Amino acid sequence: METFVLLLAGGLVTGAIYALVAAGYAVLYTATGFVNFALGAQAMVAGYLTYAAFVDLPVVVRILIAVAGSVLLSVLSWVLIYRRVAEKDMLAGVIMSFGFSIVLAEVVQLVAGGIPRPARSPVGSTAHSLGPLSISNHSIAVLAVSAVLFALLGLVLSSRGGTAIRAMFQDKEMAETLGIPTHRVTLWLFALSGVFAGAAGVLAAPILSLSPHMGTRLALIAFVGAVLGGLGTIRSAIAGAVLLGLLEAFFAGYISSDWRATLVFGVFIAVLVVRPAGVLGRIATVKV
Amino acid sequence: MTDTLTRPRQPSTTDPAGHRRAGLPVIVAVVLVAAAAIFPALSDYSTTYLFAYILIIALLGLSLHLLMGLMGVFSLGQAALFGTGAYAAVVVTEDLGLDGAIGFVLVAAVGAVLGLLMGAVTLRVTDLYLALTTLAVGYIFENVVRNSDWLGGPQGRSGFSIMFFGRSLDDPRLLCWIGLGALTLFLAVIASMRRSKIGRAFMATRESPMAARSIGVDARRYKLLGFTIAGAFSAVAGGLYSAWSLVVDPSVYSIDLTLSVLAIAIVGGLRSAPGILVVAAALTYFRNSAGDFGVSDYVLLVYGSLIVLSLRFLPLGLGGLASSPAVVRLVGRSGRRGRGGAA
Amino acid sequence: MTALLEARGLTRRWGGLTAVDEVDLTVHRGSLHGLIGPNGAGKTTLVNMITGVDRIDGGRVVFQGADVTGLAAHRLASRGMARSFQTSQLFEDESVLDNVMAGRHRHIGYRFPHTFFYTPKVSREERRHRTDVHAILRELDLAVDAHRQVSELPYGRRRLVELARAMASEPTLLVLDEPAAGLPGSDVDVLGEVLRRLRRNGYTILVIEHNIGLLMTICDRMTVLSEGRVIADDEPAVVRESPRVIEAYLGRTDDA
Ligand SMILES: Nc1ncnc2c1ncn2[C@@H]1O[C@H](COP(=O)(O)OP(=O)(O)OP(=O)(O)O)[C@@H](O)[C@H]1O
Ligand SMILES: [Mg+2]
């Protein structure tokens, strides 16, 4: 029972971090069809900005800088790098984002060195025990912050903006004729996904410790989670990522942590073979 | 229709005029292969050693040419096939004690089966999903190998010797010749396919899957075929790599390799085999001698930047540049006359 | 006349909308059969079901006496159905010759091992098929463009390439989805002539068209769809007089 509760809490925490990145993916994907693979690297940059770059500044300021940095990277990379290519060929744009994530990782490695370094959580890692559950301050912060962010996302999406986004995904040209400024909406969405990636980086670093290539893995696993739930809707992508975090925790706890990668990617392949739209998603009809 | 990365400005598959113009490229190819075959005999040990590595990477680059350029399938499964080939070569020659002449046929068969399986698993997915599925296969294999004592676990295996016709592949000249043989075979197969029914079926599926089906192309069957061939040659490349590096460990599945091959294929031009070969040589040389210039920390940065910059400014790669209208106008006069005559 | 294609009760639903509702269609061997109807009547959907491009929600399709309901498109193609598409599905980056050569796929006999090494057998067969394709191109007046890339061609000629590719598979049933759409008047006449000639040469053709003038003069028989249902199925002269057709269709587009 005690292990179960611990694993549940641990799984929820990692799941929440995956879900932040997954939400970043889904926000972009549902409106533009673009998968920004560099979100993981943006998270990594945000981690370094918070815990390694400006150690003299107050932590709140550092976090703000980190999130702003991630947003800036997100928007600028779209405007300067992906846009022209992705508008012609979405897949080429996605490959670019893959290349760009490597560039980010390597630049950080050159500047900050490749050795992983620990990051101390701003809220500390004091553990509280509630009955069988023992949970650290940081874990609570992860759960609380991501819950707030998801709630805010829900509010944004149920507003007029949300309708515009759905219209864009259905049919971009139609959305344009309806007077939706698709260019501007896309910029906002990239900014929004930057916020989520930034938050993921700030929250993940104390758990995973900082390393230049932590982003690649995070990007990939979060994508697996998003696909597991279904990339087509933001809610199912988030749920899928949380589910993956839980699955991982229970697998590592009850079976073996050596075979974690096999589990994660095995699940990914199984989902894509059996139900490409995700376990929770609906199959999108493709118009001939 | 999104499977193709870019639309070249010039027809790029089968040579429209067919046989009449087939002569010249074949002669050029034969001369180049002959020159490459003589090269290891004349150069020093370290150059030959580097040349062998270039050939191994070139094999992988060509497998991406087949998958991405001709079939329009974005695969990141190179590492999975390469790594499996690397381990398979050790198992086959060391544990089973077979000579490489038979052993490498087995390695190719293993790669072919694995390629076929990867194709079968990804039959229902396209684009990014397919890419990440194939990438995931690599991660799984890495994980499995790392946990298998039989394959040496995290340390991998070393101290094996791979023989070919009774001679050890320690000799980089022999390695070069075998690599060159595999590369030539692969090039011949690709060139032949491009000019025939299979090449057109690949082209049709890449450009419009719906139209392809409507002219009777069983797209799934051709996808499996392409994956099988690419798998066989990628595994052979992996096997040669074992002989080259004398160690195999889980790093043969690393994303580094996938990334560098992707960079080579994109910069060289996915639809251009010569472009890929040239860039494979150039980038592999750069990578190997980066230490001498003191820039080894920048290797991956360069690869990542090349992917981004090439897609942004040179979407058809160097091979596409070579067939751009201006260049074609310069060199294409006689060719055009040849075409007219054949029509 | 015997029936080459018989569709019975074909149905396709999109959510709440029944795009094609219990449609019967019989195309006789050697005939030129027109399929008309206002925009959104379900013509493309019907043809997509018949040629295996779209799923069938209900009904049966019999082709050459065999039940082919739900067969995959490539299987139907190898049984002799060929089609063109309303929105161009050409291989844009390739030459006209390669596009049309691709259409010969089902007639090319050599097997895989041969293709790997371009054996003399492959060489011989390729040459033979290339000659056949050139004949088709000449027939459609496309020979001059044989080596040009499709994307360089003007719209009208691309429609012809699509027709040529379908013809290259020497189909028993040729299905054309609005081949004249967007063609200038002179090209429409050329197309009409080509269709008539194909019919004389023994082709069976099912053609969707909005250009009623064209269809009236060349068709043996016409089926009129409206809102997913058949409202007329007869010879052109009879269809022209049918009050339901006039109401549903001609009445609205007569002035066009
Ligand atoms: N993929 C799809 N998803 C949803 N509805 C569809 C789809 N394809 C067609 N429809 C609907 O089915 C109906 C019939 O469409 P269809 O394209 O068959 O008409 P059509 O007769 O070919 O029209 P047109 O003359 O404009 O080509 C239309 O109402 C259309 O909106
Ligand atoms: Mg239509």
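The values are calculated or read from the model by the stated rules, or taken from the named source; none is laboratory data. Note that the structure is predicted; figures quoted are calculated from it, not measured. No Cβ is skipped: glycine too gets one built from the backbone with ideal geometry, and neighbour counts run over all protein chains shown. For accessibility, only protein heavy atoms count, side chains too; no ligands or nucleic acids. Shrake-Rupley method; radii C 1.70, N 1.55, O 1.52, S 1.80 Å.
What shape does the range A:29-180 have by the C-alpha gyration tensor, where a ≥ b ≥ c are the square roots of the eigenvalues, rounded means a/c under 1.5, and otherwise prolate means a/b greater than b/c and oblate the rest? Intermediate results must be reported in sequence, preceding the final value.
Details: a/c = 2.53, a/b = 1.41, b/c = 1.79.
Oblate, because a/c is 1.5 or more while a/b does not exceed b/c.
Checking the a/c ratio against 1.5 first, then a/b against b/c, what shape does the Cα gyration tensor give for the protein assembly as shown?
oblate
What average count of beta carbons from other chains do you get within 10 Å of the Cβ of residues in A:267-277? Could the numbers behind the result be given before it?
Working: counts 1, 8, 10, 1, 1, 9, 7, 1, 1, 4, 0.
So the per-residue partner count for this stretch is 4.
What ranking do A:210-219, A:86-95 get when scored by the average of other Cβ atoms within 10 Å per residue, highest first? It would help to have the intermediate numbers written out before the result.
Numbers: A:210-219: 23.2, A:86-95: 20.2.
Taking the mean over residues of other Cβ atoms within 10 Å, the ranking is A:210-219, A:86-95.
Quick one, can you get me the convex hull of the C-alpha atoms of chain C expressed as volume per residue in Å³? Could you put the intermediate results ahead of the total?
Working: hull volume 35.5 nm³, N = 256.
Convex hull of Cα atoms, per residue: 139 Å³.
Given an 8 Å cut-off on Cα distances and at least 6 residues of separation, report the relative contact order of the range A:201-283 as a percent. Let's see the in-between values first.
Values: 84 pairs, mean separation 26.9, N = 83.
Dividing the mean separation by the residue count of the range A:201-283 yields 32 percent.
Where does helix C:185-200 land angle-wise versus the long Cα axis of chain C, in degrees 0 to 90, nearest 10?
Helix C:185-200 sits roughly 80 degrees off the main axis of chain C.
Under the classification rounded if a/c is under 1.5, otherwise prolate if a/b is larger than b/c and oblate if not, where does the range C:135-256 fall, given a ≥ b ≥ c as square roots of the Cα gyration tensor eigenvalues? Mind dumping the intermediate values first?
Numbers: a/c = 2.45, a/b = 1.81, b/c = 1.35.
Because a/c hits 1.5 or more and a/b exceeds b/c, the range C:135-256 counts as prolate.
With an 8 Å cut-off on Cα pairs and a minimum separation of 6 or more residues, tell me the relative contact order of chain A in percent.
37 percent
Can you give me the Cα centroid spacing of the range B:166-190 and the range B:55-88 in angstrom?
For the range B:166-190 versus the range B:55-88, the Cα centre distance is 17 Å.
When Cβ neighbours within 10 Å are restricted to other protein chains, what is their mean count per residue of peptide A:85-97? Walk me through the numbers before you get to the answer.
On the way: counts 7, 1, 0, 5, 9, 3, 12, 9, 2, 4, 12, 8, 2.
The per-residue average across the peptide is 6.
With the calculation restricted to Cα positions, what are the radius of gyration and Dmax of the range A:1-97 in angstrom?
16.7, 54
Quick one: buried accessible area between A and B, total over both chains, 1.4 angstrom probe, nearest 100 Å²?
Working: alone 14450 and 16550 Å², together 27480 Å².
Roughly 3500 Å².
Please identify the helices of chain B, taking whole runs of DSSP H, that span at least 24 Å along their own axis as judged from the Cα atoms and have a mean Kyte-Doolittle score of 1.6 or higher.
Numbers: long enough: B:23-42 (29 Å, 2.57); B:45-64 (29 Å, 1.77); B:100-121 (31 Å, 2.38); B:127-146 (29 Å, 0.96); B:172-194 (32 Å, 1.51); B:219-245 (38 Å, 0.57); B:273-293 (29 Å, 0.88).
Qualifying helices: B:23-42, B:45-64, B:100-121.
In whole Å, how far is the Cα centre of the range A:107-176 from that of the range B:218-275?
Each part's Cα centre sits 37 Å from the other's.
Where the only charges are on Cβ atoms (+1 Lys, Arg; -1 Asp, Glu), what is the dipole of chain B about its Cα centre, to the nearest 20 debye?
Here the size comes out at about 2160 debye.
Ordered by packing density, taken as the mean number of other Cβ atoms within 10 Å over each peptide's residues, highest first, how do C:94-103, B:136-145 rank?
Values: C:94-103: 27.6, B:136-145: 22.8.
With the highest mean Cβ count within 10 Å placed first, the list reads C:94-103, B:136-145.
Need the list of lysines near A:LYS88 for cross-linking: C-alpha distance under 16 angstrom, and skip anything on the same chain fewer than eight residues off.
Here the lysines satisfying the reach criterion relative to A:LYS88 are A:LYS172.
Work through the residues other than B:ALA52 whose Cβ is under 12 Å from its Cβ and net out their charges, Lys, Arg +1 and Asp, Glu -1. Present the calculation step by step, with values, prior to reporting the outcome.
Working: positive: B:ARG173; negative: B:ASP170, B:ASP171.
After counting each charged neighbour, the total is -1.
Any chance you could give the angle, 0 to 90 degrees and rounded to 10, that helix A:234-254 forms with the longest Cα principal axis of chain A?
30 degrees
On average, how many beta carbons from a partner chain sit within 10 Å of the beta carbon of a residue in C:68-78?
Numbers: counts 0, 0, 0, 0, 4, 11, 10, 3, 3, 7, 4.
Taking the mean over all residues of the peptide, I get 4.
Round to the nearest 10 and report in Å² the accessible area of B:LEU174, as given by a 1.4 Å probe over the protein chains' heavy atoms.
20 Å²
Put +1 on the Cβ of each Lys and Arg and -1 on the Cβ of each Asp and Glu in the range C:67-136; which of C:VAL122, C:HIS74, C:VAL133 then has its Cα farthest toward the positive end of the dipole?
C:VAL122
Quick one: which of A:5-17, C:151-163 comes out on top by average Cβ neighbours within 10 Å, and what's the full order, highest first? Each step should come with its number before you reach the end.
Details: A:5-17: 20.8, C:151-163: 18.8.
Per-residue mean Cβ counts within 10 Å order the peptides as A:5-17, C:151-163.
Could you please report the charge total around B:LEU151, scoring K, R as +1 and D, E as -1 over all other residues with beta-carbon less than 13 angstrom from its beta-carbon?
On the way: positive: B:ARG146, B:ARG157; negative: B:GLU94, B:ASP95, B:GLU142, B:ASP149, B:ASP249.
Cβ neighbours under 13 Å give a net charge of -3.
Can you find, among A:GLY24, A:GLY162, C:LEU153, the residue sitting farthest towards the positive end of the charge dipole of the protein assembly as shown, where Lys and Arg contribute +1 and Asp and Glu -1 at Cβ?
C:LEU153
I'd like the distance between the alpha-carbon centres of the range A:186-200 and the range C:85-138, rounded to an integer number of Å.
49 Å
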